[in-house]
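> My questions all concern the structure below.
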């Protein structure tokens with residue numbers, strides 16, 4: 001579509017953007033501190049608790065957040081995914097506004113594996129100096145299995161999914177000339193007139209702060225269980 005027929009549309013609300021970049025920072029922090037070990041593990045745990053807060057927030061925000069941040073906007077039927085792959089999208093579907101059918105798999109997959117990684121970290125035990133706050137609630141064999149997953153498969157799968165995520169961003173930028181990073185920084189995309197906006201006013205931002213505070217309180221409660 002000609003550029004003059006497009007207009008800025010708020011796609012990613014501020015809470016979603018803040019979630020995205022804070023999660024990315026926590027992920028980098030957790031990987032780096034795990035490799036360093038020693039005293040850096042204190043920061044590994046802190047990053048994990050923040051990630052727990054963020055994942056809980058995203059679960060709630062996927063229900064009450066801006067239009068394109070809601071799970072309902074990027075849960076697609078198999079037939080829709082097949083049509084998208086064939087380039088047979090229908091008018092009014094808006095499949096490329098937020099997360100398209102392929103991107104949705106990446107998002108749900110990454111959120112799911114991060115949730116598993118955080119959960120296993122909460123019960124893990126390195127048998128040296130550090131154990132998760134919920135370690136005492138599980139059997140020794142369960143803790144050992146969780147620790148093994150957390151240090152090996154979980155870590156590798158996350159790094160692989162992150163790599164695919166970055167590769168997709170580069171593909172869209174270099175092959176299609178579509179910058180996926182800018183909207184996640186600024187919030188807006190240039191889209192056809194009539195494309196629905198995501199709500200991103202003061203009311204939504206206050207709601208997001210309340211949700212984050214509740215999620216953080218829950219994560220803090222978890223830390224007290226050790």
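> Report yes if residue 114 is under 20 Å from residue 38 (Cα atoms) and within 22 Å of the chain's Cα centre (by Cα), otherwise no.
No, not satisfied.
> How about the range 172-226: which of its residues are in a loop (DSSP other than H, G, I, E, B), on the phi < 0 side of the Ramachandran plot and without any contact (Cβ under 8 Å) to a residue 60 or more places away in the chain? Steps first, please.
First, pick out the residues of the range 172-226 that are in a loop (DSSP other than H, G, I, E, B): 176-180, 187, 193-201, 224-226.
After this cut, where a residue has to be on the phi < 0 side of the Ramachandran plot as well, the list is 176, 178-180, 193, 195-201, 224-226.
Across the range 172-226, the qualifying residues are 176, 178, 179, 180, 201.
> Separate question: For the list (1) exposed (fewer than 12 other Cβ atoms within 10 Å of the Cβ); (2) modelled with pLDDT under 95; (3) more than 26 Å from residue 29 (Cα to Cα), I need the number of the one condition that residue 206 fails.
Condition (2) is where residue 206 drops out.
> Still on this model: Residues to consider are 40, 72; find the one that is in a helix (DSSP H, G or I) and either touching a residue at least 60 places away in the same chain (Cβ under 8 Å) or in contact with a helix residue (DSSP H, G or I) (Cβ under 7 Å, 6 or more places away or on another chain) (or both). Can you show your working first?
Working: 72 fails: either touching a residue at least 60 places away in the same chain (Cβ under 8 Å) or in contact with a helix residue (DSSP H, G or I) (Cβ under 7 Å, 6 or more places away or on another chain) (or both).
Just one listed residue meets the conditions, 40.
> So, in the range 75-106, how many residues would count as being buried (at least 17 other Cβ atoms within 10 Å of the Cβ) and outside any loop (DSSP other than H, G, I, E, B)?
Selection size over the range 75-106: 5.
> Return a yes/no flag: does the range 3-23 have any residue that is part of a helix (DSSP H, G or I), touching a strand residue (DSSP E or B) at 6+ places or on another chain (Cβ under 8 Å) and over 20 Å from residue 210 (Cβ atoms).
yes
> Go through the range 139-163 residue by residue and tally those that are exposed (fewer than 14 other Cβ atoms within 10 Å of the Cβ) and under 15 Å from the mean Cα position of the chain (by Cα).
Within the range 139-163, the first condition is being exposed (fewer than 14 other Cβ atoms within 10 Å of the Cβ), and the residues that meet it are 139-142, 148, 152, 156, 159-160, 163.
Going one step further and asking which of them are under 15 Å from the mean Cα position of the chain (by Cα), we end up with 159-160, 163.
Selection size over the range 139-163: 3.
The values are calculated or read from the model by the stated rules, or taken from the named source; none is laboratory data. Please read all numbers here as calculations on a predicted model, not as lab measurements. Note: ideal-geometry Cβ built from the backbone for every residue, glycine included; neighbour counts use all protein chains shown.
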